[in-house]
Amino acid sequence: MRPARALIDLQALRHNYRLARQLSGARALAVIKADAYGHGALRCALALEPEADGFAVACIEEALALREVGIKAPVLLLEGFFEASELELIVQHDLWCVVHSLWQLEAIEKASLARPIQVWLKMDTGMHRVGLHPRDYQAAYQRLQASGKVAKIVLMSHFARADELDSNTSNEQVAVFDAARQGLKAETSLRNSPAVLGWPQVPSDWVRPGIMLYGATPFDTDQAEAARLQPVMTLESKVISLRELPAGEPVGYGARFVSPRPTRVGVVAMGYADGYPRHAPTGTPVLVAGKRAQLIGRVSMDMLCIDLTDVPEAGLGSSVELWGKRVLASDVASQAGTIPYQIFCNLRRVPLVYTGE
């Protein structure tokens, strides 16, 4: 059996969720959209449900999958509904729903609902992706209240640059939010992972931890609270072939690496078809036989090569950590010119093996 696999430490997941609540002093929706960022939404939700205040997913398909395995905790649809017909399912399965557009508001007003729903009313405070314009926000709130279709409204927005700790943009967005919601008596939700970790002054009754749940930092510099996170995923495989090459020999497609010295090359059963980033360059760290080594040459579809010259104890069958508790996913992502969000979400084909039940 091919040795590539991803170990998912559910105890670390619970630790990170508790840290989000501890740092924020607020209720926390665990963001498990996109199959829990590649970690397996159903198993992650089941592991968190005994203590989670609720979950957040992108769309109704993801929410219904949670309900089908018996998840009874609140589930928020971060993109709301895409068709008015989904409102019936939202009521039936007791889902919470973001409203970010006037057409959604109008659909709720026109709908015949068996019971009122909970709405999270989203304001565009400067990210300019989705959300109601601040000038429309008060009227939208009043219309929802008057509709008789809504049981509760939470006021929310989303930060565009909270991962940039030296940017004032988040403070500017808070000021827009506070001005536009003045006089509205409702709970709020502003803080995502970087805001939970790095913006403690931002008030938020609900927080929405995403990447921090999975133990990866959202920042590109060291940050004290992010250092307390525990990596949840360890992507690992084994050495399946060895080559002893003299100096001057090319390795892999395109001869992008040429051995500068006599080099011992290990071939690892892991490639871009598994989700390992194809553009990870020579020098990207790996851990083999408990020691740091490096990727050499281009990543192939099913295999990659590593330099074992300085790890003589490594050989056929040696375990290789591609990222995890000792080789951080953020370091691999940085080397590859991407972010840990993407390399987690790109994971495929490798089986997920759960520990810390």
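The values are calculated or read from the model by the stated rules, or taken from the named source; none is laboratory data. No experiment lies behind these values; they were computed from the predicted model shown. FYI the Cβ positions are ideal-geometry reconstructions off the backbone, even for glycines, and counts take in every protein chain you see.
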**OP:** Tell me which residues, restricted to segment 264-309, are of a type in the set (V, I, T), under 15 Å from G252 (Cβ atoms) and surrounded by fewer than 22 Cβ atoms within 10 Å (Cβ to Cβ).
**Re:** V267, T282
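Filter segment 63-112 for residues that are β-branched (V, I, T) and under 17 Å from A140 (Cβ atoms) and give the result.
Of the residues in segment 63-112, the ones β-branched (V, I, T) are 69, 71, 75, 90-91, 98-99, 108.
V98, V99, I108, listed by residue number.
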**OP:** Enumerate the helices (runs of 4 or more DSSP H) found wholly within segment 72-188, keeping only those where 1 or more residues are closer than 19 Å to C59 by Cβ and more than 28 Å from the chain's Cα centre (by Cα).
**Re:** 86-92, 102-110
**OP:** Output the residues belonging to segment 209-257 that are in contact with a Lys or Arg (Cβ under 7 Å, 6 or more places away or on another chain) and either closer than 22 Å to R326 by Cα or outside the structural domain of R298 (by TED's automatic domain parsing) (or both).
**Re:** P231, T234, E236
